[in-house]
Amino acid sequence: MAVNYDAQKAHEYYEKRKQLKGRHSTKGFSKSQKEQWAYAQDQLRQEHKAIGQSITAESKSIREQLSAAASQQIESLRTQLKAMSPEQRKAAKERIQGLIGTIRERLGLAKQELTTETKQAREQEKTANEQRIDEAYEHIKGNK
């Protein structure tokens, strides 16, 4: 089985997908600076994790509230339908089912929007965390 290797395509593939990590060299750091850097990294990692968990918890809470509100509306419509006489029920059944469908559609759209907002919040936090790491590194580097 012959594999055609195209160096140009391989390089383009690499360039499209590379993401430089914010690695910071500790070369030239004193022992105390290395300890400070390790401590700062640990603290920033814990802070980033806590913020990520709060974003997740808030998103989950909002999602549950949306679902509960939709369920309550749907249950209310179903209760109204059950309370009707057979003739009224027959006439109102399609209308109420349409309303229930609309409620479910709105719930789906709200959840999609929430997912998008959550992703944006996570990206903003990621950027902010990288900035905090860079600032901590520069601070420690400057304290020679």
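The values are calculated or read from the model by the stated rules, or taken from the named source; none is laboratory data. Remember, it's a predicted structure, so these values are computed and weren't measured experimentally. All Cβ positions, even for glycine, are placed from backbone atoms using ideal geometry, and neighbour counts span all protein chains on display.
Points worth noting:
- Residue check for Lys60: under 19 Å from Thr115 (Cβ atoms) and modelled with pLDDT of 95 or more: yes
- Residues in the stretch 19-71 that are touching a Phe, Trp or Tyr at 6+ places or on another chain (Cβ under 7 Å), under 24 Å from Thr127 (Cβ atoms) and aromatic (Phe, Trp, Tyr): Trp37 alone.
- Residue in the stretch 29-47 that is under 23 Å from Gln131 (Cβ atoms) and outside any helix (DSSP H, G or I) present: yes
- Any chance Lys144 is loosely packed, with under 14 Cβ neighbours inside 10 Å, at pLDDT 95 or above, closer than 30 Å to Ser30 by Cβ and not polar (S, T, N, Q): no
- Flag if Gly28 is at pLDDT below 90 and on the phi > 0 side of the Ramachandran plot: yes
- Of all the listed residues (Ala128, Ala92), the sole one being modelled with pLDDT of 95 or more and part of a helix (DSSP H, G or I) is Ala128.
- Restricting attention to the stretch 70-122 and to residues that are among the β-branched types (Val, Ile, Thr) and within 24 Å of the chain's Cα centre (by Cα), the residue that is nearest to Ser54 (Cα to Cα) turns out to be Thr118.
- Residues of the stretch 72-88 satisfying the condition of being hydrophobic (A, V, I, L, M, F, W, C) and either within 30 Å of Gln124 (Cα to Cα) or assigned to a helix (DSSP H, G or I) (or both): Ile74, Leu77, Leu81, Ala83
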